[in-house]
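I have placed the structure first, in the form of structure tokens, so that the comments after it can refer back to it.
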Amino acid sequence: MAKQMYLNLPVKDLDKTVAFFTALGFSFNPDFTDENATCMIINDDAFVMLLVEGFFKTFTSKSIADATGTAEAITAFSVDSREAVDATVRKALAAGGTPSQEVQDYGFMYSHSFQDPDGHLWEVMWMDPAGPPADAAL
């Protein structure tokens, strides 16, 4: 049985964040959405909980990292083609995201990245279903 994965991220403005990720084609589970949080659906077993900072703080005694100046993590998700990588990053930038790293092209794997409105790092990737060649190095 597959295990579910939930990534929790603090956000400053939930409505702005939902609008941003909606523009990228993501949907949200209304059963886990209120003024404090929403559950962004990645697939049947992976979700991102977007939590307003004040609510996020109820889950930890640690300070919240300022993701606009500190890397906390890089969240990656796959798409179906190289073209979809580029299209997704274009949508992210048009919706208010900012550029992160340049395109990485390893032949069998292609990725590009952006920062969401809160500065969280996102990488969009495609990988050839045949996998890497035997001599591939990253």
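The values are calculated or read from the model by the stated rules, or taken from the named source; none is laboratory data. These numbers come from a predicted model, not from an experiment. Cβ atoms come from the backbone with ideal geometry, glycine included; neighbour counts cover every protein chain shown.
Can you find even one residue in segment 74-92 that is surrounded by fewer than 12 Cβ atoms within 10 Å (Cβ to Cβ), modelled with pLDDT of 95 or more, hydrophobic (A, V, I, L, M, F, W, C) and closer than 19 Å to PHE26 by Cα? Taking every residue of segment 74-92 in turn, none turns out to be surrounded by fewer than 12 Cβ atoms within 10 Å (Cβ to Cβ), modelled with pLDDT of 95 or more, hydrophobic (A, V, I, L, M, F, W, C) and closer than 19 Å to PHE26 by Cα.
Restricting to segment 55-69, name every residue that is modelled with pLDDT of 95 or more and among the basic types (Lys, Arg). Of everything in segment 55-69, just one residue is modelled with pLDDT of 95 or more and among the basic types (Lys, Arg), namely LYS57. You will find that of ASP116, ASP66, ASP105, the residue that is surrounded by 18 or more Cβ atoms within 10 Å (Cβ to Cβ) and outside the structural domain of ALA37 (by TED's automatic domain parsing) is ASP116 and no other. In segment 2-18, the qualifying residues are those that are out of contact with any Pro (no Cβ under 9 Å at 6 or more places or on another chain) and loosely packed, with under 15 Cβ neighbours inside 10 Å, and the one that is nearest to THR75 (Cα to Cα) is LEU7.
Considering segment 119-131, and only residues there that are of a type in the set (Gly, Ala, Ser) and either more than 21 Å from ALA73 (Cβ to Cβ) or surrounded by fewer than 17 Cβ atoms within 10 Å (Cβ to Cβ) (or both), the residue that is modelled with the lowest pLDDT turns out to be GLY131. Within segment 1-22, residues that are on the phi > 0 side of the Ramachandran plot and without any contact (Cβ under 8 Å) to a residue 12 or more places away in the chain reach no partner that is of a type in the set (Ser, Thr, Tyr) and in a helix (DSSP H, G or I) with beta carbons closer than 9 Å at six or more positions or on different chains. Among the residues of segment 23-43, those identified as without any contact (Cβ under 8 Å) to a residue 12 or more places away in the chain, out of contact with any strand residue (DSSP E or B) (no Cβ under 7 Å at 6 or more places or on another chain) and over 15 Å from THR75 (Cα atoms) are PRO30, ASP31, ASP34.
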